[in-house]
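The values are calculated or read from the model by the stated rules, or taken from the named source; none is laboratory data. Keep in mind the model is a prediction, meaning the values are calculated, not measured. Cβ placement follows ideal geometry from the backbone for every residue including glycine, while neighbour counts extend to all protein chains displayed.
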Amino acid sequence: MIKILVVDDEPNIREVVGQYLRRDGYAVVSAADGQEALQVYKREQPDLVVLDLMLPKLSGLEVCRRMGVERRVPLIMLTARGEEEDRIVGLSLGADDYVVKPFSPRELVARVGAVLRRAGEDTSGGAQERVLTFDELTIDPNTREVTVCGAYVTLTAREFDLLYYLASHPKRVFTRDQLMEEVWGYTFAAETSTVTVHMRRLREKIEADPAQPRYLQTVWGVGYRFGGG
């Protein structure tokens, strides 16, 4: 049985989220603060973590960082609406997704399933995929390495997935909803600002001038396309 760790200092949220996850067949453990979260994480070895960023004793961002050092598992952040910078930092630390409070427990459970499915696909192996090269940019899906002008660029798992998907379809325009479905695996209505955050992070990492991107281009009023074909 897949085990989920739910970390939130609000008892009601832990209880409600736990109920919905158990209803979908998951085993659930919980923690009320950052220090307890790390203890439970080490002891219970969960398969996925739902982590609130605003925690007593130890911040959610620090918990995220320490969890990643010890053992990398899929992680979904719970954030308040005004915490965009924290979300960006959390995603850079390796979080797979975020959900903004207040949220629907059903949507959270659906996102848990989508993240787990995607994680399973990432580690399932299979046939070699083709390496994509665009002048100074190289994207290798087999080693999940990206280089710009020969220098390695460190990407999170989801940043790599988004970049490779767009680069595999150069010049094709995708809406944010399409990218949420194809890259994140969400077939339900979801907050698409996570795509915007990931695109901004990617541009900062691979573009010579993020303000005037060569590769990750915005098509105003529609979505995004990869312009390196």
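General remarks:
- When the range 144-156 is limited to residues that are under 20 Å from the mean Cα position of the chain (by Cα) and buried (at least 16 other Cβ atoms within 10 Å of the Cβ), the one that is nearest to I76 (Cα to Cα) turns out to be T156.
- Only listed residue being surrounded by fewer than 15 Cβ atoms within 10 Å (Cβ to Cβ), among the charged types (D, E, K, R) and closer than 18 Å to M180 by Cα, chosen from R72, R117: R117
- Scanning the range 69-99 for residues that are part of a helix (DSSP H, G or I), touching a strand residue (DSSP E or B) at 6+ places or on another chain (Cβ under 8 Å) and under 15 Å from A157 (Cα atoms) yields a total of 2.
- Residues considered: Q45, Q19, Q35. Of these, the only one that is in contact with a Lys or Arg (Cβ under 7 Å, 6 or more places away or on another chain) and surrounded by fewer than 17 Cβ atoms within 10 Å (Cβ to Cβ) is Q35.
- Filter pass, L155 being under 18 Å from A95 (Cα atoms), part of a loop (DSSP other than H, G, I, E, B) and not assigned by TED's automatic domain parsing to the domain that holds A95: yes
- Meets criteria (surrounded by fewer than 18 Cβ atoms within 10 Å (Cβ to Cβ) and either over 18 Å from G90 (Cβ atoms) or among the β-branched types (V, I, T) (or both)) for E204: no
- Yes/no for L53 being in contact (Cβ under 8 Å) with a residue 60 or more places away in the chain and outside the structural domain of V195 (by TED's automatic domain parsing): no
- Restricting attention to the range 18-33, the residues being in contact (Cβ under 8 Å) with a residue 24 or more places away in the chain and under 21 Å from M67 (Cα atoms) number 8.
- Against the criterion of being in a helix (DSSP H, G or I) and modelled with pLDDT of 80 or more, R172 does not qualify.
- Some residue of the range 181-194 being surrounded by 22 or more Cβ atoms within 10 Å (Cβ to Cβ), out of contact with any Lys or Arg (no Cβ under 9 Å at 6 or more places or on another chain) and closer than 29 Å to L108 by Cα: no
- Here L78 meets the list (1) among the hydrophobic types (A, V, I, L, M, F, W, C); (2) farther than 17 Å from A95 by Cα; (3) in contact (Cβ under 8 Å) with a residue 60 or more places away in the chain almost entirely, failing just condition (2).
- Verdict on G25 being at pLDDT below 95 and in contact with a Ser or Thr (Cβ under 6 Å, 6 or more places away or on another chain): no
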